[in-house]
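Please read the structure below before turning to the comments.
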Amino acid sequence: MTAERLSPGDPNSFSRPDEVKVTHMDLVLDVSFDAKTLSGHVVLSVEKVNAEANVLILDSRDLTVSMVQDFDTKQSLKFELASSSTTFGEKLEIHLPDSPNFKPKISVHYSTSPKSTALQWLSPEQTLGKKHPFLFSQCQAIHCRSLVPCQDTPSNKVTYEAKITAPHDLTVLMSAIRQGEPVKNDDKKIHKFHQPVLIPSYLLAIVVGDLQSRQIGPRSHVWSEPALLDKAAYEFAETEAQLSAAEDVCGPYVWGVYDLLVLPPSFPFGGMENPCLTFVTPTLIAGDRSLVDVIAHEIAHSWTGNLVTNSNFEHFWLNEGFTVFVERKIIGRLHGEPFRHFAAIGGKTYLADTIESMGASNPLTSLMPDLTGIDPDDSFSTVPYEKGQAFLWYLEDLVGGPGEFDPFLKSYIANFQYRSIETDDFVQYLKHYFKNTAAAEKLEKVDWQTWFHAPGMPPTFVKYDDSLAVPCKALCQQWSDWNNKGCPEPTPMSPEDLKALSPSQIQEFLAQLLLGPPLSCQAIEKMQQTYGLNSVQNAEIKFRWLRLCLRAQYKEAIPLAVQFATSQGRMKYCRPIFRDLYNWEEARSAALEAYDKVKDQWMYVCAYTVGKDLHVIQ
Ligand code: BES
Ligand code: ZN
């Protein structure tokens, strides 16, 4: 069967905002931990783009729709819920009222399913405090449709309001501004929110749990379960400095509040840029602030992604490539240019590793993949991030460096803010911006075709300043030389080696080793004796160390790797570790057994992608 594009503007959404578009959502929902559902209704303000159109097409997934009404007249409206496509959910068609009203309001009464792919319901035992249940959402890329019937395409943007009823002893937060204090209603409380800035559906977010907050800056609080709050507040103390550096790069921050929420370990990403409230994994808490680049990344999305948005996930590099580029501008502003370059070198190593494992001719390694019939969860990789940032840095160099490119970046954001765009909008604006300058001729010579459509590594990289990477590469060389000589004693390596390196340099040293052939078990044992890496808490270091052990087929590492990959559900870590275990025959059954035990504790997207990696899901 050949797949088809679901709609002209977005291969992954049934909706047609080019015909009739939703402009505002008003959610009224009750949170039931017993039923594991959100139920109630949403009032959609719609606008006919085509005057002739008489149906509103929405995306849905596993939703039970009981009634659709014209909000003003309460007249019930005919609707059809199509049969299910496992990847994209169900198309919901609503017949609009026959009135001459071009801007009707439609209320849809519905309930989510306990297996909603956007939601993770945790029992009290699965939380730190062990006393209260917990709920969180993750809508990107196309899971919002399993939380609310909506036009689940980033080509459309809406404002929203919400009234959420939840157990009285729990806190509710959303990707929005809180409105007043929660109001008591029997044994529940009603919480109100509003998001006055236009957002794509994937930025809708909710969390319900035993949460406390601490102020960490003039516009920022950090939220977490009480037991983690002190550590979280310490770890993310640089937030305001990162925000002001970001404003310096991108322009004013329009979202008012910038709060952080630390989730339970099953949160499947490092961070998620939900407006007003970035969601983060607890694996960022290393105790020494060494992993806060992820916060700079999510802050950068406040402009690239949240203001200027990819119009569908084939143009995802416009979100993530730009965001990595801005993230590193922030790092450069705060810590100096060499750190910006060092981060880019790390990204290049990561990209090489990813392309090696995906295959250099894999179509999903191109910057603009064709997502017809493809679930964005299946196409997700570091390619749009790192190839995208390599492309932007290449363009920056081409037009004359940061002096020329920084003002362009600000102008690009100001020009496209509050809108959704495609790659060509960026290219045209770039050419237009530089048209009467010396850069114009250079831009004519760019090989756009290769950059956008060729699979594999990018055609070129600019020369990054490698002053901070030199010691990482040298130490990597030392170990691989020693390994290649058959590990003769005494070793030239000593515990002092790592003392001279920062956590991100240790991470890069291990990443470099991972790019080479496997080490021997003897070398792994020596490395453990010399550096004691088994007891390192920094998740990025631990992740690479365990992979290095598995590559060496070092048996003692199997239980440690299983323990690490099942103690959290961040896909960046779980997927490669499970793949490594699977690819090593002796570890395969341990991987399959561990997967079986942990999969119900993970979020859907993690269980699904790891299941595919392990060939237990087709
Ligand atoms: N928006 C992404 C996370 C995402 C992407 C969720 C696609 C679902 C679908 C977020 O900003 C992100 O990129 N997170 C990274 C952070 C890193 C690149 C610094 C992560 O989770 O590791
Ligand atoms: Zn991102």
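Treating the beta-carbon of each Lys and Arg as +1 and of each Asp and Glu as -1, no other charges, what is the dipole magnitude of region 570-618 about its Cα centre, to the nearest 20 debye? Spell out each step's value before the answer.
Details: 8 positive and 7 negative charges, 58 e Å.
The dipole magnitude comes to about 280 debye.
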>> Just to confirm the number: angle between the C-alpha axis of helix 521-531 and the first principal axis of the chain, 0 to 90 degrees, nearest 10?
In response: 80 degrees
>> Take His335 and Thr159, extend 7 Å from each Cα along the Cα→Cβ direction, and tell me the distance between the two endpoints in nm.
In response: 3.9 nm
> What is the spread of the Cα atoms of the chain along each of their three principal axes, largest first, in whole Å?
Replying inline: 86, 64, 55
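Give, rounded to the nearest 20 debye, the magnitude of the charge dipole that the chain has about its Cα centre when Lys and Arg contribute +1 at Cβ and Asp and Glu contribute -1 at Cβ. Write out the running numbers ahead of the final one.
Details: 56 positive and 75 negative charges, 106 e Å.
The dipole magnitude comes to about 500 debye.
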>> Can you give me the distance in nm between label points at Gln215 and Gln537, each placed 7 Å from the Cα along the Cα-to-Cβ direction?
In response: 2.8 nm
>> Give me the percent relative contact order of the chain, please, defined on Cα pairs under 8 angstrom at least 6 residues apart.
In response: 11 percent
> Are there cysteines in the chain with no other Cys C-beta under 4.7 Å, and if so, which?
Replying inline: Cys150, Cys250, Cys276, Cys472, Cys476, Cys487, Cys521, Cys549, Cys574, Cys606
> Got a sec? How would Cys487, Cys150 order by Cβ neighbour count within 10 Å, fewest to most?
Replying inline: Cys487, Cys150
> Stokes-Einstein D for region 535-586 at 25 °C, 0.890 mPa s, Kirkwood Rh over Cα pairs, in µm²/s?
Replying inline: 228 µm²/s
> Over the chain, what is the percentage of antiparallel beta bridges among all DSSP beta bridges, to the nearest 5?
Replying inline: 80 percent
> At 20 °C and 1.002 mPa s, what whole-number value in µm²/s does Stokes-Einstein give for the translational diffusion of region 423-508, with Rh from the Kirkwood sum over Cα pairs?
Replying inline: 123 µm²/s
> What is the local net charge at Leu443, summed over the other residues whose Cβ is closer than 15 Å to its Cβ (Lys, Arg +1; Asp, Glu -1)?
Replying inline: -3
> Cβ under 15 Å from Cys606's Cβ, Cys606 left aside: what net charge do those residues give with Lys, Arg +1 and Asp, Glu -1?
Replying inline: +2
>> Between Asn415 and Asp34, what is the label-point separation in nm under the 7 Å Cα-to-beta-carbon projection?
In response: 5.7 nm
> Rg and Dmax of region 1-143, using alpha carbons, in Å: what are they?
Replying inline: 17.0, 55
> In whole angstrom, how far apart do the alpha carbon centroids of region 291-336 and region 520-575 sit?
Replying inline: 29 Å
>> Which one, Leu284, His168, Ile577, is farthest towards the positive end of the dipole of the chain when Lys and Arg carry +1 and Asp and Glu -1 on their Cβ?
In response: His168
>> Rounded to the nearest 20 debye, what is the charge dipole size of region 506-579 about its Cα centre when +1 sits on each Lys and Arg Cβ and -1 on each Asp and Glu Cβ?
In response: 260 debye
>> I need to check one value: relative contact order of region 75-197, counting alpha carbon pairs closer than 8 Å and at least 6 residues apart, in percent.
In response: 16 percent
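R0 = 41 Å: FRET efficiency of Ser520 with Asp248, Cβ-based, nearest 0.05? Present the calculation step by step, with values, prior to reporting the outcome.
Details: r = 49 Å, r/R0 = 1.19.
Taking R0 as 41 Å, the efficiency between Ser520 and Asp248 is 0.25.
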> If you take the beta carbon distance between Arg588 and Thr86 as r and set R0 to 22 Å, what does 1/(1 + (r/R0)^6) give as a FRET efficiency, to the nearest 0.05?
Replying inline: 0.25
> Excluding Val172 itself, what net charge comes from residues whose Cβ is under 13 Å from its Cβ, given Lys and Arg +1 and Asp and Glu -1?
Replying inline: +1
> Relative to the present Cα-Cα distance, how much length would full extension add between Lys499 and His168 at 0.36 nm per residue of separation?
Replying inline: 114.2 nm
> At a Förster radius of 45 Å, what calculated FRET efficiency corresponds to the Cβ-Cβ distance of Asp230 and His95, to the nearest 0.05?
Replying inline: 0.25
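A short reminder: the numbers here are calculations on the coordinates, not readings from a lab. These numbers were taken from a predicted model, which means no experiment stands behind them. Methodologically, a virtual Cβ is constructed for each residue, glycine included, from the backbone with ideal geometry; neighbour enumeration extends over all protein chains shown.
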